[in-house]
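This report concerns only the one structure given below.
The values are calculated or read from the model by the stated rules, or taken from the named source; none is laboratory data. Being a predicted model, the structure only gives us computed values, none of them experimental. Cβ placement follows ideal geometry from the backbone for every residue including glycine, while neighbour counts extend to all protein chains displayed.
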Amino acid sequence: MQLPEDVLREQAHSDDLRTVPFETLASLASSSRLRSSADCSLCNAQSGAILDQGDLLGGKTLTVLETANDQGIELRQYTSTDHDEDMDTVPPMDAITVMERISKVEQYLLEEASDHYPPTADGLRGWVTIRKHKRVGRHGFQQVRLQSSEPPWLERERHWRQHNGGSRPARLEVAATAETTVGEFRGGVTALLDPSSPRALEVVLFFRPSCSGWLHQVPGDQRWGMAQAIREVTGALRLELSLRGYPEAYTWVLHAGQNEELFVRLFVSHRVSREGGHESWVRALKDHLGLS
Ligand SMILES: [Zn+2]
């Protein structure tokens, strides 16, 4: 029997995602449309159920249920309860806290997924996609999506590897020059320009030595390094977009999976002009990062 929505919402409301039964989450998300289209749904208490809360130096980071359907379940990791804060503005420790929450959500979804999701490894079901679409004025969140079929980006990366004879980071590393190197960060993270991208700027952040697996499977100090690298590089990118008169908008996508090399692709939209060339963006980012 389907429980009433207020009972489900009460069950789902939690400070710790791990105490929420997966089935509650699935039935709640599929039975509710809680978003308001105009104002910020989170600030107006119109978001989906809050499943997890973590303390930041200022405010909290929240895991919120967004939607569920036959293809999957989407959660949002809101960076901060403060509408104007995001991964590119919070203090370094808070960026780490948010990344740890994202990792926890990924682990929960893969480990707790029902048998609607096919087994993909020992004790894991389904596939998780983690990405961020930074948009002007929108309350900042990272999207964490559990899917019941293999996401197309995994297939595209496999194809890319076969076509290029190596992983994306490995190929960029071989061809790297001072003009394509944004910088090196804590935790062994390197950020390199992808000159083959049709966009004005695309940067790949990866580990050396490389590591593979889902986000929750890599050592903590590597997640912390990636959190800080994302914070610093997106902060610099946001500043440069603003200086060039563009909306402070960008996307990053985490590439991770069973036996997959873990890396992040960060890019601006196709609407940003390529005038000045890729290298002018790299020089500007280095300037803002104090790495030139
Ligand atoms: Zn808001």
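Could we say that residue 27 is in a helix (DSSP H, G or I), under 17 Å from residue 112 (Cβ atoms) and either within 16 Å of the ligand (Cβ to nearest atom) or at pLDDT 65 or above (or both) here? Step through it out loud before you land on a result.
Working: in a helix (DSSP H, G or I): yes; under 17 Å from residue 112 (Cβ atoms): yes; either within 16 Å of the ligand (Cβ to nearest atom) or at pLDDT 65 or above (or both): yes.
Taking the combined requirement at face value, the residue satisfies it.
Going through the stretch 132-141 one residue at a time, which ones are surrounded by 16 or more Cβ atoms within 10 Å (Cβ to Cβ) and either within 13 Å of the ligand (Cβ to nearest atom) or under 23 Å from residue 114 (Cα atoms) (or both)? Reasoning before the result, please.
Going through the stretch 132-141, the residues surrounded by 16 or more Cβ atoms within 10 Å (Cβ to Cβ) turn out to be 132, 134, 139-141.
The answer is 139, 140, 141.
State all residues of the stretch 46-55 that are surrounded by 24 or more Cβ atoms within 10 Å (Cβ to Cβ) and within 15 Å of the ligand (Cβ to nearest atom); if no residue qualifies, say none.
Listed by number, the list holds a single entry, 48.
List every residue pair whose Cβ atoms lie under 7 Å apart, where the two residues are 6 or more positions apart in sequence or sit on different chains, the first residue falls within the stretch 39-50 and is β-branched (Val, Ile, Thr), and the second residue, located anywhere, is more than 8 Å from the ligand (Cβ to nearest atom) and modelled with pLDDT under 90.
Cβ pairs passing all conditions: 50/13.
Is it true that residue 112 is charged (D, E, K, R), within 30 Å of residue 239 (Cα to Cα) and in contact with a helix residue (DSSP H, G or I) (Cβ under 8 Å, 6 or more places away or on another chain)?
Numbers: charged (D, E, K, R): yes; within 30 Å of residue 239 (Cα to Cα): no; in contact with a helix residue (DSSP H, G or I) (Cβ under 8 Å, 6 or more places away or on another chain): yes.
So residue 112 does not fit the description; no.
For the stretch 106-118, indicate whether the set of residues that are without any contact (Cβ under 8 Å) to a residue 24 or more places away in the chain and either of a type outside the set (A, V, I, L, M) or out of contact with any Cys (no Cβ under 7 Å at 6 or more places or on another chain) (or both) is non-empty.
Step one: of the stretch 106-118, the residues without any contact (Cβ under 8 Å) to a residue 24 or more places away in the chain are 111, 115.
From what's left, either of a type outside the set (A, V, I, L, M) or out of contact with any Cys (no Cβ under 7 Å at 6 or more places or on another chain) (or both): 111, 115.
For the stretch 106-118, residues without any contact (Cβ under 8 Å) to a residue 24 or more places away in the chain and either of a type outside the set (A, V, I, L, M) or out of contact with any Cys (no Cβ under 7 Å at 6 or more places or on another chain) (or both): present.
Based on this model, can you work out whether residue 204 counts as assigned to a strand (DSSP E or B) and under 17 Å from residue 157 (Cβ atoms)?
Numbers: assigned to a strand (DSSP E or B): yes; under 17 Å from residue 157 (Cβ atoms): yes.
The answer is yes for residue 204.
Let me confirm something: among 269, 197, 273, 210, which residue is touching a residue at least 12 places away in the same chain (Cβ under 8 Å), small (Gly, Ala, Ser) and under 30 Å from residue 122 (Cβ atoms)?
On inspection, the qualifying residue turns out to be 210.
Condition check ((1) farther than 27 Å from residue 114 by Cβ; (2) within 16 Å of the ligand (Cβ to nearest atom); (3) within 18 Å of the chain's Cα centre (by Cα)) across all residues:
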residue: 44; (1), (2), (3): yes, yes, no
residue: 57; (1), (2), (3): yes, no, no
residue: 63; (1), (2), (3): no, yes, yes
residue: 67; (1), (2), (3): no, no, yes
residue: 73; (1), (2), (3): no, no, yes
residue: 77; (1), (2), (3): no, yes, yes
residue: 87; (1), (2), (3): yes, yes, yes
residue: 91; (1), (2), (3): yes, no, yes
residue: 96; (1), (2), (3): yes, no, yes
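Just to be sure before I move on: is residue 103 part of a loop (DSSP other than H, G, I, E, B) and either crowded, with 18+ Cβ neighbours inside 10 Å or outside the structural domain of residue 156 (by TED's automatic domain parsing) (or both) in the structure I sent? Quick ask: steps written out before the conclusion?
Working: part of a loop (DSSP other than H, G, I, E, B): no; either crowded, with 18+ Cβ neighbours inside 10 Å or outside the structural domain of residue 156 (by TED's automatic domain parsing) (or both): yes.
The answer is no for residue 103.
Scan the stretch 213-265 residue by residue and report those that are more than 14 Å from the chain's Cα centre (by Cα), touching a residue at least 40 places away in the same chain (Cβ under 8 Å) and either farther than 25 Å from residue 85 by Cβ or not in a helix (DSSP H, G or I) (or both).
213, 218, 247, 248, 249, 258, 259, 260, 261
So that you can scan it fast, the table gives a plain yes or no per residue for (1) among the hydrophobic types (A, V, I, L, M, F, W, C); (2) surrounded by 21 or more Cβ atoms within 10 Å (Cβ to Cβ):
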site: 39; (1), (2): no, no
site: 64; (1), (2): yes, no
site: 71; (1), (2): no, no
site: 81; (1), (2): no, no
site: 87; (1), (2): yes, yes
site: 96; (1), (2): yes, no
